[in-house]
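A short worksheet on the structure shown next.
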Amino acid sequence: MALFDLPLDELRAYRSESTEPEDFDAFWEKTLQQAREHELNARFERVDAGLTTVEVYDVTFAGFDGQPVKGWLRLPAGATEPLPLVVEFVGYGGGRGLPQENLLWASTGRAHFLMDTRGQGSAWGGGGATADPVGAAPAYPGFMTRGIDAPENYYYRRVFTDAVRAVEAARSHPLADAARTVVSGASQGGGITLAVAGLVPDLIAVAPDVPFLCDFPRAVTLTDRHPYREIGLFLRTHRGRSAEVRRTLAYFDAVHFAARGRAPALFSVALEDETCPPSTVFAAFNAWAHQDKAIEVYDFNDHEGGGPFHDAAKLRWLRSYA
């Protein structure tokens, strides 16, 4: 796919037309308050992954409505002092995978917590282990329209709440240095990263890669690639519900969370990305509130973004923070 979105100079100035709800902060404050009425109850159980340089713990904690959410905590073997903490979120359809996967961050001497995404983990990778026991109104197959009838019912209300609680769970481990907490993820994981960055005020750094869930008004009309296309296909059947859907999505648009970003951030974007169009990524980047921010641009790449080249860029960048 050749370049299809705005020219780079226009991308650098682009601003989303997504309208922030007046009660955005109140909605999320109430949501998290309700979640915290349940004990976090984070449990870390050592597993034998056959590794000698990394220790792996099977984690369970209470997420949205106290429902159990899984994760992996990976630590450098033999660590005895609190370590910088990287909390990571995964892409659409994936899960936490297997214990021996995703060893990069622990190999750098950091604690690494990887959250499972409720209801997902069956499309690629090593699978997931967290159910989504919440029922919903009629939806298009996938996750983008589950509960889209109202913000209180929307699927990502549960996911974003799980993610904030994942940070709290990871920080509760004695070998995690809560003061040096980084959040990161790619695609859906990047969108979740931005949501967490807007809801957790004391992160040390934020690294969203080719983030999804940004600038819904533009994304759902610009690309016909899934997962955004799920919303259009839902509205094709449910004619006349566009305003209702836009209202719900406004509470979950990563652009509005980015406007609350309080930490240094490194974004990435790919200019041939039809899954997460570059203008939607720049919408979040340009809204990012903290002055210390940068974006790596991969001009001839699709949704793979920078791949291992961007991993190297993140490793260099993060040395200044954690």
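Values computed for the structure shown
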| quantity | calculated |
| --- | --- |
| Long-range HN-HN contacts of A129 with modeled amide H, under 5 Å | R96 |
| Radius, Kirkwood style, for the stretch 76-214 when every pair of distinct Cα atoms is counted (Å) | 15.5 Å |
| Set of aspartates and glutamates near K293 by C-alpha distance (under 15 Å), chain-local residues within fewer than 8 positions excluded | D209 |
| HN-Hα J in Hz across the stretch 255-272 - Karplus 6.51, -1.76, 1.60, θ = phi - 60°, x for Gly and Pro | 4, 6, 5, 4, 5, 10, x, 10, 9, x, 9, 10, 9, 9, 8, 10, 6, 10 |
| Accessible-area ranking of W317, W288, largest first, probe 1.4 Å | W317, W288 |
| Residues whose placed amide H lies under 5 Å from that of K293, excluding near-sequence neighbours | A265 |
| Label point 7 Å beyond Cα of H303 along Cβ direction - residues of the stretch 198-226 with amide nitrogen under 11 Å | 212-213, 224-226 |
| Radius, Kirkwood style, for the stretch 85-160 when every pair of distinct Cα atoms is counted (Å) | 13.6 Å |
| Relative intensity, log₁₀ I(q)/I(0), of the stretch 153-223 from a Debye sum that treats every alpha carbon as a point, q = 0.24, 0.25 Å⁻¹ | -1.10, -1.16 |
| For the chain, share of DSSP beta bridges that run antiparallel, in % to the nearest 5 | 45 percent |
| Probe 1.4 Å - accessible area at S16, Å² to nearest ten | 30 Å² |
| Probe 1.4 Å, all protein chains present, accessible-area order of T19, T60, largest first | T19, T60 |
| Total charge dipole magnitude, the stretch 133-239, about the Cα centre, Cβ charges on Lys, Arg, Asp, Glu only, Debye to nearest 20 | 300 debye |
| Gain in span if fully extended, A179 to R262, counting 0.36 nm per residue against the direct Cα distance | 28.5 nm |
| Mean accessible surface per residue for the chain, computed with a 1.4 Å probe while every protein chain stays in place, in Å² | 41 Å² |
| Dipole-positive endmost among I295, G305, L235 within the chain (Cβ charges, Cα centre) | L235 |
| The stretch 145-208: relative contact order in percent, alpha carbon pairs under 8 Å with at least 6 residues between | 28 percent |
| Hz values of 3J(HN,Hα) by residue in the stretch 203-219 - Karplus curve (6.51, -1.76, 1.60), Gly and Pro given as x | 6, 8, 6, 9, 9, x, 9, 5, x, 8, 6, 10, 6, 3, x, 7, 4 |
| The chain - charge dipole about Cα centre, Lys and Arg +1 at Cβ, Asp and Glu -1, debye rounded to 20 | 300 debye |
| The chain, Cα convex hull volume normalised per residue, Å³ | 122 Å³ |
| Between the stretch 9-41 and the stretch 163-220, the Cα center-to-center distance that results, in Å | 12 Å |
| By accessible area with a 1.4 Å probe, ligands and nucleic acids excluded, highest first: order of I295, I204, I192 | I204, I295, I192 |
| Gained length - L98 relative to E37, 0.36 nm times residue gap less alpha-carbon distance | 18.9 nm |
| More than 20 angstrom apart: percent of Cα pairs within the stretch 186-271 | 36 percent |
| nm² value of the averaged projected area, convex hull over the Cα atoms of the stretch 171-322 | 9.4 nm² |
| Alpha-carbon centroid distance for the pair the stretch 294-322 / the stretch 241-273, whole angstrom | 20 Å |
| Per-residue HN-Hα couplings for the stretch 109-123 [Karplus 6.51, -1.76, 1.60; θ = phi - 60°; Hz; x = Gly/Pro] | x, 10, 6, 10, 10, 10, 8, 6, 9, 3, x, 9, x, 10, 10 |
| Cα-projected label distance for L3 with L233, points at 7 Å along beta-carbon direction, nm | 3.1 nm |
| Nearest-10 value in Å² for the accessible area of K30, using the 1.4 Å probe | 120 Å² |
| Amide H contacts under 5 Å for V87, placed H, 5+ residues apart | F113, V182, V183, S184 |
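The values are calculated or read from the model by the stated rules, or taken from the named source; none is laboratory data. Because the structure is a prediction, the values reported are computed rather than measured. Using ideal geometry, Cβ is built from the backbone for each residue, glycine included, and neighbour counts are taken over all protein chains shown. For accessibility, only protein heavy atoms count, side chains too; no ligands or nucleic acids. Shrake-Rupley method; radii C 1.70, N 1.55, O 1.52, S 1.80 Å.
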